[in-house]
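Report on the structure given below.
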Amino acid sequence: MLTVTFSYSTIRGISPILFDHGFTFHDDHYRKTLTSAPIDIVFKHHNSDHNLILTCEDDIPFNCCKELYYLVDELATDLSAKIDDKKALLGYDQQGEPAYLYHGFQKWANYIDKARQRSMAGTNVEVWQHNKRLARGILVHSTVDNNDSYTLITSEGEQIFSGDSLTVYPVEER
C-alpha cells in the first residue's frame with residue numbers, strides 16, 4: 001500500500017476540504033475514486049494527532065500517480081499540512097534519488113515521460129494539447145524538456161509540434 005501522512009493545521013475543518021475534492025464519508029473514513037482509473041483512495045482521520053492517513057494500492061498506473069501527486073499537492077495547501085510520504089516510494093529518478101508520491105515526484109515523472117517518449121519512436125501516435133488533437137502520424141523524434149517538441153510523419157509530410165501541455169499517445173492501427 002502507498003501511505004501518505006498529512007499533519008494538518010487548518011482551522012477550517014477537514015471535512016469541507018475533503019468534500020470539495022470529491023471525497024465521501026463512509027463509516028470511519030473518507031473515500032474517493034480516481035478519475036484516471038477505477039482506483040479508490042482512502043483517508044483515515046486521527047483527530048487527536050491532527051493527522052490524515054491516505055492509502056491506496058501500490059500497483060497503480062503512471063497517470064494515476066500523476067493524479068495522486070496533484071491531489072496531494074492541493075490538499076497539502078488546503079489543509080496547511082506537512083507531508084510524510086516515506087511509505088509511498090514510486091521508484092528512482094535519473095540520478096538514482098528516491099522518488100515518492102509527493103517528494104521528488106516531478107523529477108521522477110519527467111524521467112519516466114522522457115523514457116516513454118523514446119520508446120514510442122517509430123510508432124503511430126496522436127499529439128494532443130489539452131482536449132484538442134493536433135495531429136496523428138509516426139513519431140520520428142521527441143524532445144521533452146521545458147518546451148516539448150515532437151516530429152511526426154503525417155499525411156501532409158513531416159511536421160513538428162512544440163509547446164506547453166502537449167501529450168503524445170500511441171494509437172492502434174485499424
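What to note about this one:
- Fully extended contour minus Cα-Cα distance, from residue 172 to residue 66, at 0.36 nm per residue: 35.8 nm
- For the chain, the longest principal axis of the alpha carbon atoms and the long axis of helix 62-78 meet at an angle near 40°.
- Residue list for the stretch 109-136, given a label point 7 angstrom along the Cα-to-Cβ vector of residue 154 and an amide N cut-off under 19 Å: 121-136
- The stretch between residue 26 and residue 164, if pulled fully straight at 0.36 nm per residue, gains 45.7 nm over its current Cα-Cα span.
- Rounded to 10°, Cα long-axis angle of helix 105-119 versus longest principal axis of the chain: 30 degrees
- Put a dot 7 Å past the Cα of residue 136, heading toward its Cβ, do the same for residue 115, and the two dots end up 3.0 nm apart.
- With every protein chain in place, the stretch 78-174: carbon and sulfur % of accessible area (1.4 Å): 46 percent
- Protein heavy-atom accessible surface, 1.4 Å probe, per residue over the chain: 58 Å².
- Taking every alpha-carbon pair under 8 Å whose residues sit at least 6 apart, the chain reaches a relative contact order of 17 percent.
- Taking the centroid of alpha carbons for each part, the stretch 44-86 and the stretch 1-41 are 8 Å apart.
- With 19 Å as the limit on Cα-Cα distance, the pairs of 32/66; 66/107; 44/66; 66/86; 66/114; 44/87 that go past it are 44/66.
- 138, 17, reordered so the largest accessible area comes first (probe 1.4 Å): 138, 17
- MRE, 222 nm, helices only [DSSP H, n ≥ 4, -39500 (n - 2.57), over the chain, to nearest 500]: -7000 deg cm²/dmol
- Loop GluC sites (Glu not before Pro), the stretch 1-89 (other Cβ atoms within 10 Å of the site Cβ: 14 or fewer; DSSP): 57
The values are calculated or read from the model by the stated rules, or taken from the named source; none is laboratory data. These numbers were taken from a predicted model, which means no experiment stands behind them. With ideal geometry, Cβ positions are generated from the backbone for all residues, glycine too; neighbour counts draw on all protein chains shown. Ligands, DNA and RNA are stripped out before the accessible areas are found, and what is left, the full protein with its side chains, is counted by its heavy atoms. Shrake-Rupley method; radii C 1.70, N 1.55, O 1.52, S 1.80 Å.
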